[in-house]
1. Among the numbered conditions (1) modelled with pLDDT under 95; (2) surrounded by 15 or more Cβ atoms within 10 Å (Cβ to Cβ); (3) over 25 Å from Arg136 (Cβ atoms); (4) small (Gly, Ala, Ser), tell me where Ser61 comes up short.
2. If Pro90 satisfies every condition in (1) over 15 Å from Lys42 (Cα atoms); (2) open to solvent by 20 Å² or more (accessible area, probe 1.4 Å); (3) within 16 Å of ligand 2 (Cβ to nearest atom) but one, which is the exception?
3. From the list Arg144, Arg153, which one is of a type in the set (Lys, Arg) and either at pLDDT below 95 or in contact with a Gly (Cβ under 9 Å, 6 or more places away or on another chain) (or both)?
4. Of the residues that make up the stretch 119-127, is at least one surrounded by fewer than 17 Cβ atoms within 10 Å (Cβ to Cβ), touching a residue at least 12 places away in the same chain (Cβ under 8 Å) and more than 13 Å from Met31 (Cβ to Cβ)?
5. If we scan the stretch 128-141, do we find a residue that is more than 16 Å from ligand 2 (Cβ to nearest atom), in contact (Cβ under 8 Å) with a residue 60 or more places away in the chain and open to solvent by less than 20 Å² (accessible area, probe 1.4 Å)?
6. Based on this model, can you work out whether Arg20 counts as farther than 16 Å from Pro152 by Cβ and in contact with a Gly (Cβ under 7 Å, 6 or more places away or on another chain)?
7. Between a residue in the stretch 33-44 that is more than 11 Å from Arg136 (Cβ to Cβ) and touching a residue at least 40 places away in the same chain (Cβ under 8 Å) and any residue that is within 6 Å of ligand 1 (Cβ to nearest atom) and not in a strand (DSSP E or B), which pairs come within a Cβ distance under 6 Å, given they are 6 or more apart or on different chains?
8. Filter the stretch 4-38 down to the residues that are among the aliphatic types (A, V, I, L, M) and exposed (fewer than 13 other Cβ atoms within 10 Å of the Cβ), then identify the one that is nearest to ligand 2 (Cβ to nearest atom).
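The values are calculated or read from the model by the stated rules, or taken from the named source; none is laboratory data. Quick caveat: nothing in here was measured; it's all calculated off a predicted structure. Note: ideal-geometry Cβ built from the backbone for every residue, glycine included; neighbour counts use all protein chains shown. Just so you know, the surface numbers come from the protein's heavy atoms only, side chains and all, with ligands and any DNA or RNA stripped out. Shrake-Rupley method; radii C 1.70, N 1.55, O 1.52, S 1.80 Å.
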Amino acid sequence: MTGPVTMSIASVADMLTFGRQLAAQIRRGDMIALSGNLGSGKTVLARGVLEGLGHQGEVSSPSYALVHPYDPPHVRLPISHVDLYRLDDPAALIELGLDEARTYGALMVEWPERGGPGFVADALHITIEPEGPDARRLTVAVPRSWETRWPPR
Ligand SMILES: Nc1ncnc2c1ncn2[C@@H]1O[C@H](COP(=O)(O)OP(=O)(O)OP(=O)(O)O)[C@@H](O)[C@H]1O
Ligand SMILES: [Mg+2]
């Protein structure tokens, strides 16, 4: 892994474009971890990714179910959109079946910190910080598995 990379995003439209570019690179076994405060734009980025994979329609934080799976033919690759905000105990993670989901598809996880230490170890880990009403700064930890795929375009 190289050091973290930073990027500036000017608008919601740019965030969606970046998500679609990420989607073009995603493959089975990947985990994209999305950190940032409430309202920072994690779900907007997730929507860009899901649209890039072919999903049409709404995308909302899967806050209550915690996991929202998307499967072909609606997307080109199985992907589970996960929101761990309401996970109180990392021990309950096992019941979400994420390890299995990752064997046949990809994971995209909001609030990955709730998964406990080490949860993001080999993830493409994106942290979003507001820089103004519409501007966002992304800090990205690029794992070895993404080195040849970075930057996405
Ligand atoms: N450049 C931008 N990228 C993403 N969202 C933006 C941007 N500029 C403004 N926004 C606004 O910020 C909000 C981001 O909401 P979003 O639901 O994506 O946050 P979140 O990080 O998923 O929050 P939560 O932790 O509650 O799930 C939206 O209202 C969106 O319109
Ligand atoms: Mg969200």
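1. That leaves (3) as the condition not met.
2. Single failed check for Pro90: (3).
3. Values: Arg144 fails: either at pLDDT below 95 or in contact with a Gly (Cβ under 9 Å, 6 or more places away or on another chain) (or both).
Answer to the check: Arg153.
4. No: zero hits.
5. Filtering the stretch 128-141 for residues more than 16 Å from ligand 2 (Cβ to nearest atom) gives 131-135, 137, 139-141.
Checking the rest, the ones that are also in contact (Cβ under 8 Å) with a residue 60 or more places away in the chain come to 131, 134-135, 137, 139-141.
If we keep only those that are open to solvent by less than 20 Å² (accessible area, probe 1.4 Å) too, we end up with 140.
Yes.
6. The answer is no for Arg20.
7. From the stretch 33-44, the pairs are Leu34/Lys42; Thr43/Ser61.
8. Here is the first cut: in the stretch 4-38, the ones among the aliphatic types (A, V, I, L, M) are 5, 7, 9-10, 12-13, 15-16, 22-24, 26, 31-34, 38.
Cutting the leftovers down to exposed (fewer than 13 other Cβ atoms within 10 Å of the Cβ) gives us 10, 13, 38.
On the way: Ala10: 20, Ala13: 18, Leu38: 8 Å.
Applying the filter and picking the extreme gives Leu38.
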